[in-house]
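Have a look at the structure below before the remarks.
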Amino acid sequence: MSFFRRIFSSKVLPSWTILLIDSLIVVVSVVIAYALRYSLGLLPSMALKMFYTSLLSLLVSVVCFRAFHTYSNVLRLSSFIDVMHIFVALTISYAVSIVIALTVNLTTGFQISEVSVLMIAYVVTFLLMATMRMAIKMIYDLFNEQPKQAVNTFVYGTKLGGINIAKSIRMYTARQFHLKGFIADDRAMKGKVMMGVNVYLNDDNLIDAIRENQVEAVIVSQVKAEKLRSTDIADRLLKENVSIFMVPEISDDWQGTNKPATIKPVEIEDLLGRDPIKINLQKIASHLEGRRVLITGAAGSIGSEIMRQVAIFNPYQLILIDQAETPLHDIRLELKNRWSEMDAPTIVADISNEQRMESIFRQYRPEYVFHAAAYKHVPMMEDNVSEAIQNNVKGTKVLADLSVKYGVQRFVMVSTDKAVNPSNVMGCSKRICEIYVQALAKKIQKDGSAPTQFITTRFGNVLGSNGSVIPLFRRQIEAGGPVTVTHPEIIRYFMTIPEACQLVLEAGSMGQGGEIYIFDMGKPVKILDLAKKMIRLSGREDVKIEFTGLRHGEKLYEELLATKENTKPTSHDKIMIANVREYDFDDIREDIDSLIDSSYLFEPMRTVAKMKDLVPEFRSLNSPYSVLDEK
């Protein structure tokens, strides 16, 4: 009884046990074949022939079983592929047995077996082995019914990926999903039955089917992830309080192995993400492979991801700079775990400290600079104007000047959409950085004084970056609310961190210097809708939304281009060049130096006034500095 309990339990039988059972089936099949070929009454007189036939069939079959590993699979997880392996193994083994029997008969005159008996035994053996496996699978499924707490589930996808998910959730009860149906986009699948359950179209009647089957969860196959983002199916499901799950790691060649599919709840990033970015890996590699690459802000969201992506291209050295000690220490540990052989000094330093920066440039002689360090939080910089100038503007000026002095080949600066028609101190400080870098680039191009090519990249919000709205909403939801939204009509553009950094690398390999590249940010997202969707995804119904009012310097709508700007296309469909007003370097250098000097007086009104002189389109919103615009 313990043997049968083990067969129908979740424990796995050893391979030798399955081989022994299959061998017994071969012998029994020979006896059945003789009984069918002759009669039961003649079996005792044919005992010797049965012995020789059984011995021949058994020896050849065991060799084929071993060659095709027919005994290595888990019986309760048997699939069509396993049956096919058995069919091929038996076909070869009995074909060889027939050849051996005919050869012995012709050469010695001794008939060890009859072809007709072997043919019958072949059919019987296949039927018994296949039936045994299917029976064990069915009985296992019967004895191991879904637990009462299993949730009724639809699988979105009827191709191989969706079928594999359905197989996985049926085989592994620990997943606690009860398959009730499939969702299909193909109208030809309407009314079909798969794996014993109905297929429902993704149309207006889908919600009725979900209610009728009391479905509480939908698992989305990988190939349907884009449909989840580009259609309203996620919104319809969430409004019905249906949980959505994805299978990010299952592959199309998954064939019912003893490894379950990885099923995870859908996150808001999954619904906002876009198609993978295609980048020119060969071109990027030619710029970074074997080079000394310096990254500022290396412990931040963008800087650290740039570090990870640059590391893939095997640079000679990575010089990582940040003034945040603990996050930079985390980066050092990550490097030690993932790229232990890479030469990657981690340096705690302030980019506005000219002497410190020069010592770093003198020691490491970087060939490529990615400048991602910046103070970026709009309300914070409205209250800390001097720090915005000293870190963002002076820090950029120091790095740019040193890049020219030490012959850096490329300097890539990360800017922001808030630099377009800025309405706050942070955005204006980044626009001033752009002005300085572009003017310097044009100057050295004109006089040929340095080989450095300056590139600016400008994009919007990144999903999940430090201090961004999504982590804030997530924390508020976990705390039970309220979720705070500044204004019911506020919208933002979003891009994933890896996507943004891939485009930074791509843009960094383009152009001759002095260009400001802007990224296609896709469609804007209404922050109120984002909050509602995140609350629904969490399954919480008690979380409320509160409107707190626009913060100082905050726009309802972030622009990627000023109204007077236009763009030129590039070789990449998601990257464009902005046509912006250009400044003469000699004219603006003195003004920027004066602005930096002013910041050390710590008189915000005076400093902001100088910023407005430098950037006439800077108009403060919801800010005490609005009075300067009235003048």
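Read-outs: derived from the displayed coordinates by stated rules, not from any lab. All values derive from a computational prediction rather than experimental measurement. A quick note on method: Cβ atoms are made from the backbone with ideal geometry, for glycine too, and the neighbour counts reach across all protein chains shown.
The long axis of helix 604-614 is offset from the longest Cα principal axis of the chain by roughly 80 degrees. Note on Ala67 and Ala135: with the Förster distance fixed at 30 Å, the Cβ-Cβ geometry gives a FRET efficiency of about 0.75. Taking each DSSP H run with n ≥ 4 as -39500 (n - 2.57) and averaging over every residue of the chain yields -15000 deg cm²/dmol at 222 nm.
Working from label points 7 Å from Cα in the Cα-to-Cβ sense, the Glu489 to Lys239 distance is 2.4 nm. Straight-line reach from Lys532: taking Cα to Cα under 24 Å and skipping same-chain neighbours fewer than 8 places apart, the lysines in range are Lys224, Lys227, Lys239, Lys264, Lys523, Lys544, Lys555.
Using 0.36 nm times the number of residues separating Arg308 and Arg540, minus their current alpha carbon distance, what extension gain do you get?
80.0 nm
How do 427-440, 378-391 rank on mean C-beta neighbours within 10 Å, highest first?
Ranked by mean Cβ neighbours within 10 Å, highest first: 427-440, 378-391.
R0 = 35 Å: FRET efficiency of Phe110 with Met84, Cβ-based, nearest 0.05? For R0 = 35 Å, the calculated efficiency reads 0.45. Axis of helix 325-338 versus longest Cα principal axis of the chain: the two differ by about 30°, to the nearest ten degrees. Taking Cα atoms only, the orientation of helix 585-599 departs from the longest principal axis of the chain by about 90 degrees. The mean sequence distance of close C-alpha pairs (under 8 Å, at least 6 residues apart), as a share of the length of the chain, puts its relative contact order at 10 percent. Among Arg475, Arg170, a tally of other beta-carbon atoms within 10 Å of each Cβ gives an order, fewest to most, of Arg475, Arg170. From least to most packed, judged by other beta carbons within 10 angstrom and beginning with the fewest, Trp339, Trp16 follow the order Trp16, Trp339. Considering only Tyr34, Val193, Met119, and ranking their Cα positions along the charge dipole of the chain that arises from unit charges at the beta-carbon of Lys, Arg, Asp and Glu, the one farthest toward the positive end is Tyr34. Taking a straight line from the alpha carbon of Lys405, these lysines sit under 29 Å away, with near neighbours fewer than eight places off in the same chain left out: Lys283, Lys376, Lys394, Lys397, Lys430, Lys442, Lys443, Lys446, Lys610. Once the C-beta distance of Gln512 and Asn353 is scaled by a Förster radius of 41 Å, the resulting FRET efficiency is 0.85 to the nearest 0.05. You can think of it this way: the chain between Asp597 and Asp447 has 51.2 nm of extra reach, that is 0.36 nm per residue less the Cα-Cα gap.
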